[in-house]
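Asks: Below are the structure tokens for one structure; questions will follow.
The values are calculated or read from the model by the stated rules, or taken from the named source; none is laboratory data. Since this is a predicted model, take the numbers as computed values, not measurements. Here the Cβ positions follow ideal geometry from the backbone for every residue, glycine too, while neighbour counts run over all protein chains shown.
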């Protein structure tokens, strides 16, 4: 029986990988189909998260949030859907709703790439003129992405222009 479960999981994972490839080729519709099929074979938090991600590209942000909440209910320690919900609220212009989701993403034990919620929080705080809070978030992102020269430039600019600010 466990061999059947392993085969099912592999088929589901292969569909997720195919969906990501299709997305990178610009075929969102076919990618969505792959994520849906992967969930039909085996419902996983990854499948729901990627399905939500695709919906965000078609402007279906509320549905994308719902898919991410399903993923969270399946694995509360999977950080990606928390960050994604935060970004969907950012896209909706609801920054105050984004913050708690991004903060929760930072705390999850299973999450890659870990710098994203820090980057997103930094963007929110920067847009609100909260330069020191933005700086702390960008510095947190840099810990996980130390080779990011663009991030270093932003940090240097904030330090230079707002060192004694908010």
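Yes/no per residue for (1) closer than 23 Å to residue 111 by Cβ; (2) at pLDDT 95 or above; (3) over 18 Å from the mean Cα position of the chain (by Cα); (4) assigned to a helix (DSSP H, G or I):
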site	(1), (2), (3), (4)
124	yes, yes, no, yes
133	yes, yes, yes, yes
136	yes, yes, yes, yes
139	yes, yes, yes, yes
146	yes, yes, yes, no
152	yes, yes, yes, yes
156	no, yes, yes, yes
161	no, no, yes, yes
164	no, no, yes, no
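Asks: Could you give me the residue pairs with C-beta distances under 7 Å whose first residue belongs to the range 53-65 and is at positive phi, whose second residue is surrounded by 15 or more Cβ atoms within 10 Å (Cβ to Cβ) and modelled with pLDDT of 95 or more wherever it lies, and which are 6+ apart or on separate chains?
Replies: Within 7 Å, no pair qualifies.
Asks: Given the structure, is residue 93 crowded, with 21+ Cβ neighbours inside 10 Å and at pLDDT 95 or above?
Replies: So residue 93 does not fit the description; no.
Asks: Okay, next question. Do we find that residue 71 is surrounded by 21 or more Cβ atoms within 10 Å (Cβ to Cβ), assigned to a helix (DSSP H, G or I) and touching a strand residue (DSSP E or B) at 6+ places or on another chain (Cβ under 9 Å) in this structure?
Replies: yes
Asks: Go through the range 96-116 residue by residue and tally those that are surrounded by fewer than 13 Cβ atoms within 10 Å (Cβ to Cβ) and assigned to a helix (DSSP H, G or I).
Replies: The total comes to 2.
Asks: So which residues in the range 57-66 are assigned to a helix (DSSP H, G or I) and modelled with pLDDT of 95 or more?
Replies: 61, 62, 63, 64, 65, 66
Asks: Is there a residue being over 14 Å from the mean Cα position of the chain (by Cα) and on the phi > 0 side of the Ramachandran plot anywhere in the range 21-35?
Replies: Keep residues of the range 21-35 that are over 14 Å from the mean Cα position of the chain (by Cα), which gives 21-35.
Filter again for on the phi > 0 side of the Ramachandran plot, leaving 26.
There is at least one residue in the range 21-35 that is over 14 Å from the mean Cα position of the chain (by Cα) and on the phi > 0 side of the Ramachandran plot.
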